[in-house]
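The values are calculated or read from the model by the stated rules, or taken from the named source; none is laboratory data. All of these numbers come straight from a predicted model, not from anything done at the bench. Cβ sites come from the backbone with ideal geometry, for glycine too, and all protein chains shown count toward neighbours. Keep in mind that these areas ignore ligands, DNA and RNA; they rest on the heavy atoms of the full protein, side chains included. Shrake-Rupley method; radii C 1.70, N 1.55, O 1.52, S 1.80 Å.
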Amino acid sequence: MAENKIPYKIYLEEDEMPTAWYNVRADMKNKPAPLLNPGTHQPMTAEELGGVFCDELVAQELDDTNAYIEIPQEIRDFYKMYRPSPLVRAYCLEEKLQTPAKIYYKFEGNNTSGSHKLNSAIAQAYYAKKQGLKGVTTETGAGQWGTALSMACSYFGLDCKVYMVKVSYEQKPFRREVMKVYGASVTPSPSMETEIGKKINTEHPGTTGSLGCAISEAVEVAVKNPGYRYVLGSVLNQVLLHQSVIGLETKAALDKYNIKPDVIIGCAGGGSNLGGLISPFMGEKLRGEADYEIIAVEPASCPSFTRGKFAYDFADTGMVCPLAKMYTLGSDFIPSANHAGGLRYHGMSPILSQLYDDGLMKAVSVEQTKVFEAAEQFARVEGILPAPESSHAIRVAIDEALKCKETGEEKTIVFGLTGTGYFDMVAYEKFHNGEMSDYIPTDEELAKYAAKLPVIE
Ligand SMILES: *Cc1c(COP(=O)(O)O)cnc(C)c1O
C-alpha cells in the first residue's frame, strides 16, 4: 500500500533545488588523468587553457579537490525557468511490461533545446559574460548543443558562433533555424573561413564534415578572435560538474520518499548526462556509504567504452585541442553512415573513463533497431516522444525490468531520459520503413583506428 503514495511525478520545491554542483572528482581515489598539451605532452596549465576557455571554467576543469561548487544566483534563477525537471515513476511502462521492478526516469526534455545540454550551456555563457567576453564559439552535430548554447547566449547578450557539421546543416534545417531564432550565426563545417577548414576541404573535396573537424574550426576561431572563447557541451570535467544538477535533484526527490535505487542507467555519448546523473550516487559509492549498479549505454556502432582503448587521444580531427586520457576509438573514427541514433563521439569523459576502468560502473552497447523499438514502446505508454540518444537508456531499463520479471526481483531502476525526439523524425522514418540496419564495426576496422592513437611517453 505504501507504494501508492509515490506520485507519478516527484517534483522539488524551489527551495529544495541544489545550490551547489557536486564535483565527484573530490571523492575519486584515482583522479582523471590531466589534459596534455598536444605539442609538448605536458599537463596543460591554467594559463594555457585560459587561451581557449573562460577563466572560471578553467578553474573548474582543474579542480579535483572541492566537492561542492556554488551555483551562482543568476544561474539558479535561470534554472528555475525549467527546473526542477520531473522525476517520473513509470507506472504505465511497468504495467505494460508486467514487471515487479519499479522504474523511474528523470526527464530533461522540458525546455526548448529539448535536452539536458542547457544545464551546462547556461553556466558556460554566464562565466563568459562575467569575464566581459564578446562571445563564444562551438561545434554542433545534430544541433542540440548548438541550440542550448544559442539560448544561453541570447539570455546573457553574448555573440554565439556555431560550426555545424555540414551534413546536419543541410539535412537538419529545423535545428539550424532554431539557433538563428536565438541570434546565433551558424556555419556549415568544414567551412572556407578557417585554416583547418580550408585544409580539410582541400584534402577531402566534397566532405560532409564531422564533429572532430567542427571542433577544430570552432577552437581556431576562438583563439584568433579577441574577446572570444571556445565552449564544449560534453566530455569535459566542467560539463559533468554542471550536469550534476540532474543527479542532485534526482537524489533529493528519491530521498523525499526514502527510495534507494538498485540500478542507475544512462546513455553515453561524451558522458555528460550520465556523469551528471550518477555523480551524487557515485560519490556515496566512492565514500563506501552505499552501493549502486551503474550502467552506461552506448551504440553498438560507436562502442567507445565496450571496445575502445583507455589511452590519451586527440579530442578533435585537427589535433589542436588538448589530449585527453579516455576510452576512445581513435580521433579519426566516424560511425557508419547508416547510424541514426546519435552518441557519435569517438571518445568519452575522462572522469567516467577512470571510474569505468576502476570497475565502479559497467557499460553495454545496443543496436539501433533495438533502441528504436524501445523508444516506440516507451512513447506509446509514457506519452513522451524520446530522443534516439535517450532511447539507449530506455532499451536497457526495459531489459533490466524484463530480467526482474523472470527472477521476481523488485529492483528499483532509475534512468536518465535526456530529451525529446521531435527533430529526429527522419531517423524514426527510417525505422518505420525498415531502412534501418545495425552496423557493428569489425575488430579489424577498430584496430586500424586504434593503431593511430598518439604515443605518449
Ligand atoms: C547530446 C545528447 C546526449 C549525449 O551527450 P552526453 O554528453 O553523453 O550526455 C544524450 N541525449 C541527448 C538528448 C542529447 O542531446
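Annotations
- Checking P386 against (1) at pLDDT 95 or above; (2) in contact with a helix residue (DSSP H, G or I) (Cβ under 6 Å, 6 or more places away or on another chain); (3) closer than 28 Å to T442 by Cβ; (4) open to solvent by less than 10 Å² (accessible area, probe 1.4 Å), the condition it does not meet: (3)
- Sole exception among (1) of a type outside the set (G, A, S); (2) at pLDDT below 95; (3) open to solvent by 70 Å² or more (accessible area, probe 1.4 Å) for E3, by number: (3)
- Tallying residues that are away from the ligand (no atom under 16 Å from the Cβ) and either touching a Cys at 6+ places or on another chain (Cβ under 6 Å) or part of a helix (DSSP H, G or I) (or both) within region 282-311 yields 5.
- The lone exception for K80 - which of (1) out of contact with any Asp or Glu (no Cβ under 7 Å at 6 or more places or on another chain); (2) under 21 Å from L277 (Cβ atoms); (3) surrounded by fewer than 17 Cβ atoms within 10 Å (Cβ to Cβ) it fails: (1)
- Residue match in region 312-319 (condition: under 30 Å from E195 (Cβ atoms), buried (at least 21 other Cβ atoms within 10 Å of the Cβ), within 16 Å of the ligand (Cβ to nearest atom) and among the polar types (S, T, N, Q)): no
- Of all the listed residues (L274, L254, L241, L248), the sole one being surrounded by fewer than 22 Cβ atoms within 10 Å (Cβ to Cβ), of a type in the set (A, V, I, L, M, F, W, C), assigned to a helix (DSSP H, G or I) and in contact (Cβ under 8 Å) with a residue 60 or more places away in the chain is L254.
- Cβ-Cβ distances below 8 Å connect the following pairs, each with a first residue in region 325-341 that is farther than 24 Å from Q354 by Cα, a second residue that is outside any loop (DSSP other than H, G, I, E, B) and among the β-branched types (V, I, T), and a separation of six or more residues or different chains: A340/V426; G341/V371.
- Only one entry of T147, T65 meets the criterion of being among the polar types (S, T, N, Q), buried (at least 22 other Cβ atoms within 10 Å of the Cβ) and touching a residue at least 24 places away in the same chain (Cβ under 8 Å), and that entry is T147.
- Only a single criterion out of (1) closer than 19 Å to G308 by Cβ; (2) surrounded by 24 or more Cβ atoms within 10 Å (Cβ to Cβ); (3) at pLDDT 95 or above is not satisfied by V364, namely (2).
- Looking only at region 89-103, residues that are closer than 13 Å to E382 by Cβ and surrounded by fewer than 22 Cβ atoms within 10 Å (Cβ to Cβ) come to 7 in all.
- Selection within region 389-414: residues that are surrounded by 21 or more Cβ atoms within 10 Å (Cβ to Cβ) and touching a Ser or Thr at 6+ places or on another chain (Cβ under 7 Å). The member of this set that is farthest from P100 (Cα to Cα) is E389.
- Complete set of residues in region 316-360 that are in contact with a Cys (Cβ under 8 Å, 6 or more places away or on another chain) and at pLDDT 95 or above: L329
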